[in-house]
Amino acid sequence: MSEEETDILYEVKDRTAIITLNIPDKLNALNGAQYLKLGKFLERANNEEDTVLTLIQASGRFFSAGANFADNDMTKVEVEKLFSHEYWLERFVARNVWLTNLFNDHKKILAAAVNGPVIGLSTGLLMLVDLIYVHDLNKFYLLAPFANLGLVAEGASSATLFARLGWSKASEALLLAKPISGADCYNAGLINKHYDGKFSSTEQFNDQVYKELNDAFENLHEDSILQNKQLLKLSRDQFINHANSQEVMRGLGKWLEGVPQTRFVQLAQKEVKHKL
Ligand code: CO8
């Protein structure tokens, strides 16, 4: 099968829709088409008639290294296009608003089996998940390197990092572009459960999370779960939606200024690396 067919997988198992990020050799960094595919699968999961849970999992050693910096090789795009509203409205503004809303508005329980670190836009999306299970706290970190890339927060992370980690850690993450360790995330209450890295493969870890979650909701009344999800959302919707629209407007400004284009090319050519 071609990479296009296997890069992100979708299956329904009993009452769970499972979405798997499956590009381990690129640490599950996602290009524009792959973020779009992830969004479409999430829409499909939202509309499944018989599921209660949507579980996002990944293969390999990272959950996701964020946007793929080699996408649409920027060294080959005409300069005029690369600094135009048209280019970034389509590739950045529309995509980020849509994806962030999809994650935030998901009707089912949304959970993640997190096999390793998460970076960039994918961090923003992970922060919109209801339940987070991490394989190994020592290997997990989240990195929101927007300040290092000449960008601003994405995926409503300016609101969600604050809500899920507190003011101080959110400031460290966004103002200093520092990685936040698994231990800090656990102590802040972000992580529901971790497993001390005890599984010998990511697949075994993913299976365990699937099984535990299914056991947890097995005897609960489905409509109550889904209504409670709506109620929980009521109080946080306002600040998440506000953050989403403000972030993309500022982010668009950064692309039009042109700093991130250079940083992405430097990352792709391995001239710079994030401080971890
Ligand atoms: N994009 C493409 N390929 C990647 C990415 C990425 N983001 N991250 C890792 N890879 C690839 C590497 O190029 C390498 O491939 P190869 O073996 O072919 O050279 C492979 O994955 C393994 O990576 P490393 O050898 O670098 O592994 P390390 O363990 O040494 O380092 C790191 C791991 C620290 C994660 C490092 O790979 C790294 O810094 N990656 C970049 C992470 C990043 O900056 N992501 C972007 C965040 S910003 C964001 O998500 C929102 C931007 C919005 C853009 C919208 C329009 C384009």
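The values are calculated or read from the model by the stated rules, or taken from the named source; none is laboratory data. Every value quoted in this text rests on a predicted model; they were computed, and no experiment measured them. Heads up, the Cβs are rebuilt from the backbone with ideal geometry, glycines too, and the neighbour counts pull from every protein chain shown.
Close Cβ contacts (under 6 Å, 6 or more residues apart or on different chains) running from residues in region 76-90 that are under 11 Å from Gln261 (Cα atoms) and at pLDDT 95 or above to residues that are basic (Lys, Arg) and not in a helix (DSSP H, G or I) are absent.
Suppose the filter is of a type outside the set (Asp, Glu), within 16 Å of the ligand (Cβ to nearest atom) and either touching a His at 6+ places or on another chain (Cβ under 8 Å) or outside any loop (DSSP other than H, G, I, E, B) (or both); does Gln208 pass it? First the steps, then the outcome.
Numbers: of a type outside the set (Asp, Glu): yes; within 16 Å of the ligand (Cβ to nearest atom): no; either touching a His at 6+ places or on another chain (Cβ under 8 Å) or outside any loop (DSSP other than H, G, I, E, B) (or both): yes.
Criteria not met by Gln208.
Quick one: in region 4-41, which of the residues that are out of contact with any strand residue (DSSP E or B) (no Cβ under 7 Å at 6 or more places or on another chain) and away from the ligand (no atom under 13 Å from the Cβ) is farthest from Ala216 (Cα to Cα)? The extreme case among them is Glu4.
Are any of the residues in region 58-72 polar (S, T, N, Q) and assigned to a strand (DSSP E or B)?
Initial filter on region 58-72 (polar (S, T, N, Q)): 59, 64, 68, 72.
Narrowing further to those that are assigned to a strand (DSSP E or B): 64.
Yes, that holds for at least one residue.
At least 2 residues that are within 16 Å of the ligand (Cβ to nearest atom), within 25 Å of Thr20 (Cβ to Cβ) and among the small types (Gly, Ala, Ser) in each: list the helices (runs of 4 or more DSSP H) lying fully within region 116-201 that qualify.
On the way: elements: 121-126, 157-165, 167-175, 182-187.
Qualifying helices (runs of 4 or more DSSP H): 121-126.
Could you tell me whether Ser224 is more than 16 Å from the ligand (Cβ to nearest atom), closer than 29 Å to Asn46 by Cα, of a type outside the set (Phe, Trp, Tyr) and at pLDDT below 95? So Ser224 does not fit the description; no.
State whether the residues of region 201-212 include one that is surrounded by 11 or more Cβ atoms within 10 Å (Cβ to Cβ), more than 20 Å from the chain's Cα centre (by Cα), within 24 Å of Lys107 (Cβ to Cβ) and at pLDDT 95 or above. Within region 201-212, one or more residues are surrounded by 11 or more Cβ atoms within 10 Å (Cβ to Cβ), more than 20 Å from the chain's Cα centre (by Cα), within 24 Å of Lys107 (Cβ to Cβ) and at pLDDT 95 or above. Yes or no: Arg44 surrounded by 15 or more Cβ atoms within 10 Å (Cβ to Cβ) and among the basic types (Lys, Arg)? No; evaluated as a whole, the condition is false for this residue. Residue pairs whose Cβ atoms lie under 7 Å apart, sitting 6 or more positions apart in sequence or on different chains, and linking a residue in region 197-210 that is more than 12 Å from Gln57 (Cα to Cα) to a partner that is surrounded by 14 or more Cβ atoms within 10 Å (Cβ to Cβ) and of a type in the set (S, T, N, Q), are Phe199/Gln208.
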